[in-house]
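Visitor: Here it is, the structure in full.
The values are calculated or read from the model by the stated rules, or taken from the named source; none is laboratory data. Note that the structure is a prediction, hence the values are computed from the model and not measured. Cβ placement follows ideal geometry from the backbone for every residue including glycine, while neighbour counts extend to all protein chains displayed. Quick note on the areas: whole protein, heavy atoms, side chains included, nothing else; ligands and nucleic acids left out. Shrake-Rupley method; radii C 1.70, N 1.55, O 1.52, S 1.80 Å.
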Amino acid sequence: MFESLSDRLDVAFKALRGDNKLTELNIAESIKEIRRALVGADVNYKIAKEFTDKVKDKALGVDNVLKSVSPGQLMTKIVMDELVELMGGQAAGIDLSGKPTVVLIAGLQGSGKTTFSGKLAHHLKTKRNKKPLLVACDVYRPAAIDQLSTLAEQVGVPVYKEPGNNNPVAIALKAIESAKQQGQDVVIVDTAGRLAVDEEMMKEIANVKQAILPQEVLFVVDSMTGQDAVNTAKAFNDIIDFDGVVLTKLDGDTRGGAALSVKYTVGKPIKFVSTGEKMDTLDVFYPDRMAQRILGMGDIVSFVERAQEQFDEQEAKRIEKKLKKNKFDFDDFLSQINQIRKMGDIKSVLGMLPGVGKAMKDVDIDDSAFKRVEAMIQSMTPHERSNPDIMNMNRKKRIAMGSGRSLDEVNAFIRQFEQMRKMMHKIATNPSLMGMTGGGAGGMNKGFRR
Amino acid sequence: MGFFDKFFNRDKKADLDKGIEKTKTTFIGKLTKAIAGRSTVDEEVLDELEQVLISSDVGLDTTVKIIERIEARVASDKYLGTEELNAILRSEIVNLLAENNTEDLDDYALPSGIKPYVIMVVGVNGVGKTTTIGKLAWQFKQNGLRVVMGAGDTFRAAAVDQLKIWADRVGCDFFSKGMQADPAAVAYETVQYALQNNCDVAIIDTAGRLHTKINLMQELGKIKRSTSKSLEGAPHEVLLVLDATTGQNAIEQAKHFTDATEVSALALTKLDGSAKGGVAIGISDQFKIPIKYIGVGEAIDKLQIFNKQAFVDALFEQ
């Protein structure tokens with residue numbers, strides 16, 4: 001797929017080199033590239049088309065006076081801005097004004113409603129200082145009630161359930177009564193998964209909504225959903241007129257075009273994104289990050305932010321200098337490991353970089369390998385650490401003893417360190433080596449066919 | 001209809017029809033609309049066709065492939081009327097599915113001479129692994145086989161309970177070591193249980209996992225290896241469950257699960273709610289792994305054997 005959209009767009013514009021202006025003729029190819037990117041990310045075909053038509057109009061109206069900006073970059077910016085605007089809208093909080101506030105959760109089977117309910121309870125309890133009550137209204141799926149109960153216990157929130165009662169309306173109403181009596185101020189109603197085409201089940205959720213009059217109705221959608229996201233979102237919206245969308249399973253590698261399809265179709269804000277199986281993995285939605293993700297540009301902003309939070313700039317400069325002089329030593333290596341570790345699990349950190357994400361999936365990075373490396377470095381004398389070149393057999397033997405690793409491991413590590421040092425020196429002295437990207441656009445004259 | 005009668009009794013055909021009703025209405029409806037008022041297959045008709053295919057989650061690559069073939073036919077036949085497009089498209093899709101070189105099953109009969117036949121079930125979160133296991137076990141049970149389910153999802157809240165309920169419904173054996181147990185140990189002991197209790201089939205559930213989580217994917221490898229240790233040659237089938245409403249990510253899922261566990265069969269679930277039976281076409285084209293089963297409803301008997309011809313017929317039936 002894409003390394004980055006702007007690279008691809010630049011290629012699309014290369015055919016018309018020298019032409020720094022956007023014209024009907026020279027953007028035709030790039031419009032196709034954009035559409036391709038969107039459809040490849042599971043954005044609904046029709047929406048992708050309408051979107052690119054809009055982008056085209058915008059692009060033709062822009063006067064590119066900036067010589068330093070390539071047409072590809074300019075187009076990317078226009079696309080990004082449009083996409084962010086489309087997915088953003090007003091800041092979307094959650095309405096907690098009710099006494100108690102009632103939140104209704106709805107969605108397809110397997111979209112992640114129950115897990116999200118647990119996460120929302122945790123979020124409201126820890127971040128908003130609320131006293132939530134979880135309500136088990138999925139009376140159909142085997143063990144759904146047990147699942148919610150287990151999650152409730154995990155997050156330390158009470159759960160209302162009536163095993164044996166298969167009337168979700170009655171359960172929800174009694175739960176609200178119970179919340180009033182027990183002083184719980186948010187009632188989170190988890191419901192059974194249902195297909196939009198299942199009229200009976202859709203009627204049921206409409207009845208639940210009508211009976212409990214929730215302040216918030218949240219529609220949970222799997223971020224991996226394909227073209228059907230539009231139909232599903234529309235059907236649910238027609239029937240329960242939800243207030244917001246929750247995107248789940250975003251910790252995978254899906255580009256998440258469903259987010260755009262849903263937002264575009266129903267115009268409702270995306271209020272939360274869910275990114276893992278642990279109860280604290282719930283985030284607010286950032287339209288710009290989602291836009292980059294859909295366009296296959298990596299989550300650069302998140303990466304930069306996390307890096308900024310954790311990264312010591314002076315330290316980085318010092319190391320860069322050492323790299324250039326080929327003076328990078330074991331101490332520096334240790335400090336680098338610690339820097340990276342502060343940012344989180346190494347794979348997820350690297351995975352946020354554009355282009356790297358895809359490559360990284362096949363690479364096995366074991367965090368515990370760092371521990372072994374640390375042990376080995378810490379078994380070196382200060383002199384050895386700052387002078388990697390003095391390493392000899394006796395020293396290696398001693399390091400092996402000290403770190404509890406085998407001599408082979410020590411040898412392998414030092415060899416790897418040397419290779420890495422050479423590589424990094426090369427890159428530090430010639431940064432263009434980092435920016436190598438492959439692939440070409442190829443001419444498409446109609447649709448997506450070549 | 002003749003074809004159907006061979007493989008399906010009337011009820012089953014009705015299920016398949018109903019199950020992919022949405023696919024049908026969108027697929028055929030859109031196509032008919034797209035070519036209405038046009039007599040020849042020209043560029044614009046092909047563009048419309050492209051939209052119909054992509055909107056059905058067939059996927060970009062496979063869509064391009066199908067259209068290129070039709071383009072080639074247009075070029076060689078010089079003139080191609082739109083009334084023929086339906087038939088040609090149908091035959092091209094059947095061809096594409098057939099190129100996969102995978103044989104459709106006739107029924108739920110298992111290869112003879114393997115006992116217990118061990119099936120390991122894998123997939124991302126929420127695709128319907130446990131439900132598929134329940135339905136599959138029920139089918140085997142109907143055939144008079146003794147089945148044991150192994151509760152290998154020891155991670156997700158109440159997953160063991162959920163499988164247990166299915167085992168009770170089906171009336172089959174159930175093996176569990178509780179929540180938090182080592183899934184590899186559960187797999188090993190489920191096979192041992194099957195050996196000791198004369199079971200014909202052992203179906204091992206695993207926790208849902210996103211294919212991007214390396215550690216969890218490695219865990220699957222470990223579960224598989226411990227199954228082999230328990231019984232040489234096991235698992236005899238690694239069944240990847242895919243959600244039919246999933247978009248292009250289904251392809252990534254298939255790739256990564258195959259790398260981790262040598263997936264040997266696919267089950268496509270939730271085909272009843274999706275306008276997107278098209279994903280079956282994309283997957284068959286991109287993978288040489290057979291789609292064995294399709295889920296077309298929530299009831300226990302709503303699992304079917306995938307049959308290419310029947311699938312395409314249902315897709316094109318007016």
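Visitor: When you check B:SER76 against the structure, is it of a type outside the set (Asp, Glu) and either crowded, with 21+ Cβ neighbours inside 10 Å or under 18 Å from B:GLU43 (Cα atoms) (or both), yes or no?
Guide: For B:SER76, the condition - of a type outside the set (Asp, Glu) and either crowded, with 21+ Cβ neighbours inside 10 Å or under 18 Å from B:GLU43 (Cα atoms) (or both) - is met.
Visitor: Output the residues belonging to segment A:394-416 that are under 18 Å from A:LYS371 (Cβ atoms) and of a type outside the set (Gly, Ala, Ser). Before the answer, list the steps.
Guide: If we filter segment A:394-416 for residues that are under 18 Å from A:LYS371 (Cβ atoms), which is where we start, we get A:399-406, A:408-410, A:412-414, A:416.
Result: A:ILE399, A:MET401, A:ARG405, A:ASP408, A:GLU409, A:VAL410, A:PHE413, A:ILE414, A:GLN416.
Residue-by-condition table, conditions (1) modelled with pLDDT of 90 or more; (2) touching a strand residue (DSSP E or B) at 6+ places or on another chain (Cβ under 8 Å); (3) polar (S, T, N, Q); (4) open to solvent by 10 Å² or more (accessible area, probe 1.4 Å):
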{"position": "B:ASP259", "(1), (2), (3), (4)": "yes, no, no, yes"}
{"position": "B:GLU262", "(1), (2), (3), (4)": "yes, yes, no, yes"}
{"position": "B:TYR293", "(1), (2), (3), (4)": "yes, yes, no, no"}
{"position": "B:ILE300", "(1), (2), (3), (4)": "yes, no, no, yes"}
{"position": "B:ASN307", "(1), (2), (3), (4)": "no, no, yes, yes"}
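Visitor: Additional query: Please go through segment B:52-67 and pick out each residue that is open to solvent by 10 Å² or more (accessible area, probe 1.4 Å) and in contact with a Ser or Thr (Cβ under 9 Å, 6 or more places away or on another chain). Before the answer, list the steps.
Guide: To start, the set of residues in segment B:52-67 that are open to solvent by 10 Å² or more (accessible area, probe 1.4 Å) comprises B:60-61, B:64-65.
Correct list: empty.
Visitor: Go through (1) surrounded by fewer than 23 Cβ atoms within 10 Å (Cβ to Cβ); (2) in a helix (DSSP H, G or I); (3) touching a residue at least 12 places away in the same chain (Cβ under 8 Å) for A:LYS271 and report which single condition fails.
Guide: Among (1) surrounded by fewer than 23 Cβ atoms within 10 Å (Cβ to Cβ); (2) in a helix (DSSP H, G or I); (3) touching a residue at least 12 places away in the same chain (Cβ under 8 Å), A:LYS271 violates only (2).
Visitor: Determine whether segment B:49-64 contains at least one residue that is part of a helix (DSSP H, G or I) and of a type in the set (Gly, Ala, Ser). Before the answer, list the steps.
Guide: First pass over segment B:49-64, keeping only residues part of a helix (DSSP H, G or I): B:49-55, B:60-64.
Of the ones still in play, those that are also of a type in the set (Gly, Ala, Ser) are B:55.
Yes; the residues of segment B:49-64 include at least one that is part of a helix (DSSP H, G or I) and of a type in the set (Gly, Ala, Ser).
Visitor: How many of the residues making up segment B:131-152 are in a loop (DSSP other than H, G, I, E, B) and open to solvent by 10 Å² or more (accessible area, probe 1.4 Å)?
Guide: Total meeting the criteria: 4.
Visitor: Let me ask something else. Identify, from the list A:GLN147, A:GLN184, the residue that is within 14 Å of chain B (Cβ to nearest Cβ) and modelled with pLDDT of 95 or more. It would help to see each step written out before you state the result.
Guide: Values: A:GLN184 fails: within 14 Å of chain B (Cβ to nearest Cβ).
Answer to the check: A:GLN147.
Visitor: Separate question: Can you confirm whether segment B:122-130 contains a residue that is surrounded by 17 or more Cβ atoms within 10 Å (Cβ to Cβ) and away from chain A (no Cβ under 14 Å)?
Guide: Let us first name the residues in segment B:122-130 that are surrounded by 17 or more Cβ atoms within 10 Å (Cβ to Cβ), namely B:122-130.
Next, only the ones that are away from chain A (no Cβ under 14 Å) stay: B:122.
Scanning segment B:122-130, I find at least one residue that is surrounded by 17 or more Cβ atoms within 10 Å (Cβ to Cβ) and away from chain A (no Cβ under 14 Å), so the answer is yes.
Visitor: Which condition does A:GLU153 not pass, out of (1) among the acidic types (Asp, Glu); (2) farther than 27 Å from A:ALA233 by Cβ; (3) buried (at least 16 other Cβ atoms within 10 Å of the Cβ), if it passes all the others?
Guide: Every condition holds for A:GLU153 apart from (3).
Visitor: For the subset of segment A:194-220 comprising residues that are more than 32 Å from the chain's Cα centre (by Cα) and either small (Gly, Ala, Ser) or within 20 Å of B:ASP272 (Cβ to Cβ) (or both), which member is surrounded by the fewest Cβ atoms within 10 Å (Cβ to Cβ)?
Guide: Only one residue tops the list, namely A:GLU200.
Visitor: Considering only segment A:43-138, give the helices (runs of 4 or more DSSP H) lying wholly within it that have at least 1 residues that are at pLDDT 95 or above and away from every other protein chain (no Cβ under 14 Å).
Guide: The qualifying helices (runs of 4 or more DSSP H) are A:113-127.
Visitor: Looking at segment A:231-255, which of its residues are surrounded by fewer than 24 Cβ atoms within 10 Å (Cβ to Cβ), within 14 Å of another protein chain (Cβ to nearest Cβ) and not in a loop (DSSP other than H, G, I, E, B)?
Guide: Listed by number, the residues that qualify are A:ASN231, A:LYS234, A:ALA235.
Visitor: Can I ask one more? Output the number of residues of segment A:153-181 satisfying the condition of being in a loop (DSSP other than H, G, I, E, B) and either at pLDDT 95 or above or in contact with a helix residue (DSSP H, G or I) (Cβ under 9 Å, 6 or more places away or on another chain) (or both). Lay out the reasoning, then the answer.
Guide: First, pick out the residues of segment A:153-181 that are in a loop (DSSP other than H, G, I, E, B): A:156-158, A:161-167.
Keeping just the survivors that are either at pLDDT 95 or above or in contact with a helix residue (DSSP H, G or I) (Cβ under 9 Å, 6 or more places away or on another chain) (or both) gives A:156-158, A:161-163, A:165, A:167.
Residues flagged as in a loop (DSSP other than H, G, I, E, B) and either at pLDDT 95 or above or in contact with a helix residue (DSSP H, G or I) (Cβ under 9 Å, 6 or more places away or on another chain) (or both) within segment A:153-181 amount to 8.
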